[in-house]
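Quick notes on the structure that follows.
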Amino acid sequence: MVGLAREKGAAPGHKIRIDSTVVESNVHYPSDSTLLGDGIRVLSRALKRMAAKCQAGALEVVNHGRAVKHRLLEISRAAKSLTQRSRERMQESYRKLVGLTRGVVREAGQALRRWESGGLGVVGNLVGMEAQASQLRHFLPLVQKVIAQTEERVLGGNNHVAGKVLSLFEPHTQVIRKGKAHKPNEFGRLVRIDEVENGIVSGYEVLEGNTADTDSFLPALEQHKDMFGQAPTLATADRGFFSAENERKAKDLGVEKVALPARGRLSETRAQHQKERWFKRALHWRAGEEATISHLKNPFSMWRAFYKGDRGFQRYVGWSVITKNLFSLARWQERKKRAQEERACCKRLLPPDGGSC
């Protein structure tokens, strides 16, 4: 797509502006209780489907639906109060819910071992049985990890558990903190967006974890250089990308003008540098990146990725970028056509003495 834009002349690649944004995963808010409830639900569902394909009585499955519902309601009610008594009731409900989850995990593990050893009398479709066994193999480690993190967070009091599972269905989901007052925690992935002239998104990357913006600036320039065959003349981003090392290495890559506003109190030399005309014009152009991200998220639905899995997430972001580029290229061609028509009209109306039309 970028190659087509270059061929048409819409994206020469002389300028680049870089920013990052969070794209949410298609998940509910990941509380410990709802994750445990999800674990019981998916494991019990797979066990029931396996039992339906076995001989009568070969695989007994206990229905914990009512008990799980009551525990979730107890936790929800206790969480609304800040008293010590409510906190104790909530922890007791969590202990019961963890116990139920452990029981279902144990049942699922036993059923899986019996299936793999040939100890289950199957009368149904073997392909269907293997499909449910595959579900158990996928979800069992995740549910066990949810149990461990719940015990450490809720019962152990440690709120800083590394590598938390935030969704059983989208395990690649990560918690991102961008410092937004209205949304302190976002659940999804951080995405870097690189844009060149005429609104063409020349590159993007789905980043791992809550990566600092300073670590994303140089990879964006290197990707641009690989794509266009040369470094941009101008590179700009917001102050989150600033570091003296980034400025120095960008110039080493061949970027003539690097417009990164410094953080904190500025020295006199730095203040004069940032007051130069080209620097101000670069920052004014950089502000358009916010509109591009808004455009990606609203008309092109990149605010949340609805495809499943890590590869599906990356594919969804990629399709959103491609669609945005098609729209930008079509709009650029329309502007170019209109300008050509206006010039042609102006030539026809040009008076014989050579005056203006």
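Numerical summary
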| read-out | value |
| --- | --- |
| Inter-part distance where the range 239-305 and the range 90-127 are each reduced to a Cα centre, Å | 53 Å |
| C-alpha long axis of helix 277-286 to longest principal axis of the chain, angle in ° | 40 degrees |
| GluC sites (Glu not before Pro) restricted to DSSP loop in the range 170-237 with at most 11 other C-beta within 10 Å | Glu208 |
| Fewest-first sequence of Arg270, Arg277 by Cβ atoms within 10 Å of each Cβ | Arg277, Arg270 |
| Sorted by Cβ density within 10 Å, fewest first, the residues Val68, Val175 | Val175, Val68 |
| Net +/- balance of residues flanking Met129 in space, Cβ distance below 10 Å, scoring K and R +1, D and E -1 | +1 |
| Förster-model FRET efficiency, 35 Å R0, His182 and Gln333, C-beta, rounded to 0.05 | 0.35 |
| For the range 32-155: lysine pairs under 23 Å (alpha-carbon distance), excluding those fewer than 8 apart on one chain | 8 |
| Crossing angle, helix 217-228 versus the chain [Cα axis fit, 0-90 degrees, rounded to tens] | 60 degrees |
| Which labelled figure in (i) -0.61, -0.81, -0.90, -0.98; (ii) -0.47, -0.70, -0.83, -0.96; (iii) -0.41, -0.64, -0.76, -0.89 is log10 I(q)/I(0) by the Debye sum over Cα atoms at q = 0.08, 0.10, 0.11, 0.12 Å⁻¹, once derived from the coordinates | (i) |
| 0 to 90° range, to nearest 10: angle between helix 84-117 axis and the chain longest Cα axis | 80 degrees |
| For Glu205, residues with placed amide H under 5 Å, excluding near neighbours | Arg192 |
| For the chain, calculated [θ]222 nm from helices alone, where every DSSP H run of n ≥ 4 adds -39500 (n - 2.57) | -18000 deg cm²/dmol |
| Where Cα atoms sit under 17 Å apart: lysine pairs in the range 200-357 separated by 8 or more or lying on different chains | 9 |
| Proxy reagent accessibility, fewest Cβ within 10 Å first, across Cys54, Cys346 | Cys346, Cys54 |
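Throughout, read-outs are computed from the coordinates displayed, never taken from laboratory work. Since this is a predicted model, take the numbers as computed values, not measurements. In this analysis, Cβ positions are derived from the backbone assuming ideal geometry, glycine residues included, and neighbour counts consider all displayed protein chains.
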